[in-house]
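Undergrad: What follows is a single structure, and I will ask about it in a moment.
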Ligand SMILES: [Zn+2]
């Protein structure tokens, strides 16, 4: 990827996405050294109603699932921004070739070319979504 303007555009998109992800993560959890932990709900330690307690656990589990998805994406975005800084952006981690522009347009945080999409080490389903595209 040698097109400076294109990289700037993707960098801007990544920066916006990073900000949004961080805001959402901060709402859901507590951050420590870029790691997020589910917020421990203030609790009086006593539940008169067992169903209420079950609801709390379900809420926490759902938040945790959402959070881990967001956290994976957040790390990808941060990683991509770091690679832009270090000049390694747009290079496939598997074969070392330049990543296609259309691939980066679809996912600015992509770490592999289209041919090696399946090797992307992240398991967040992005590769699957993208494989439907031309
Ligand atoms: Zn490749």
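The values are calculated or read from the model by the stated rules, or taken from the named source; none is laboratory data. Computed from a prediction, not measured in an experiment: that's the story for all the values here. FYI the Cβ positions are ideal-geometry reconstructions off the backbone, even for glycines, and counts take in every protein chain you see.
Undergrad: In the range 89-101, how many are within 14 Å of the ligand (Cβ to nearest atom) and within 14 Å of residue 10 (Cβ to Cβ)?
TA: Residues flagged as within 14 Å of the ligand (Cβ to nearest atom) and within 14 Å of residue 10 (Cβ to Cβ) within the range 89-101 amount to 5.
Undergrad: Here's another thing I want to ask about it. Report yes if some residue within the range 58-72 is within 25 Å of residue 8 (Cβ to Cβ), away from the ligand (no atom under 16 Å from the Cβ) and more than 19 Å from the chain's Cα centre (by Cα); otherwise report no.
TA: no
Undergrad: Oh, and also: Answer yes or no as to whether residue 82 is at pLDDT 95 or above, surrounded by fewer than 16 Cβ atoms within 10 Å (Cβ to Cβ) and either under 15 Å from the mean Cα position of the chain (by Cα) or over 25 Å from residue 26 (Cα atoms) (or both). Quick ask: steps written out before the conclusion?
TA: On the way: at pLDDT 95 or above: yes; surrounded by fewer than 16 Cβ atoms within 10 Å (Cβ to Cβ): yes; either under 15 Å from the mean Cα position of the chain (by Cα) or over 25 Å from residue 26 (Cα atoms) (or both): yes.
Spelling it out, residue 82 is indeed at pLDDT 95 or above, surrounded by fewer than 16 Cβ atoms within 10 Å (Cβ to Cβ) and either under 15 Å from the mean Cα position of the chain (by Cα) or over 25 Å from residue 26 (Cα atoms) (or both).
Undergrad: Sticking with this one: Does any residue in the range 86-101 that is at positive phi and in contact (Cβ under 8 Å) with a residue 40 or more places away in the chain come within less than 6 Å, Cβ to Cβ, of a residue that is near the ligand (Cβ under 8 Å from one of its atoms) and assigned to a loop (DSSP other than H, G, I, E, B) six or more places away or on a different chain, and which pairs are these?
TA: 90/99
Undergrad: Could you list, in sequence order, the residues of the range 95-114 that are more than 15 Å from the chain's Cα centre (by Cα), assigned to a loop (DSSP other than H, G, I, E, B) and crowded, with 16+ Cβ neighbours inside 10 Å? Full working, then the answer.
TA: Of all residues in the range 95-114, those more than 15 Å from the chain's Cα centre (by Cα) come to 95-103, 105, 112-114.
Remaining after also requiring assigned to a loop (DSSP other than H, G, I, E, B): 95-97, 99-100, 112-113.
Result: 99, 100, 112, 113.
Undergrad: Would you mind finding the one in 25, 64, 21 that is touching a strand residue (DSSP E or B) at 6+ places or on another chain (Cβ under 6 Å) and either modelled with pLDDT of 90 or more or not in a helix (DSSP H, G or I) (or both)? Reasoning before the result, please.
TA: Details: 64 fails: either modelled with pLDDT of 90 or more or not in a helix (DSSP H, G or I) (or both); 21 fails: touching a strand residue (DSSP E or B) at 6+ places or on another chain (Cβ under 6 Å).
Residue meeting the stated conditions: 25.
Undergrad: Here is a follow-up. State whether the residues of the range 117-124 include one that is out of contact with any strand residue (DSSP E or B) (no Cβ under 8 Å at 6 or more places or on another chain), more than 16 Å from the ligand (Cβ to nearest atom) and modelled with pLDDT under 95. If you could, list the steps in order and put the result at the bottom.
TA: Taking the range 117-124 first, the residues out of contact with any strand residue (DSSP E or B) (no Cβ under 8 Å at 6 or more places or on another chain) are 117-124.
Imposing the further condition that a residue be more than 16 Å from the ligand (Cβ to nearest atom) reduces the set to 123-124.
Then drop every residue that is not modelled with pLDDT under 95, which leaves 123-124.
The answer is yes, given that some residue of the range 117-124 is out of contact with any strand residue (DSSP E or B) (no Cβ under 8 Å at 6 or more places or on another chain), more than 16 Å from the ligand (Cβ to nearest atom) and modelled with pLDDT under 95.
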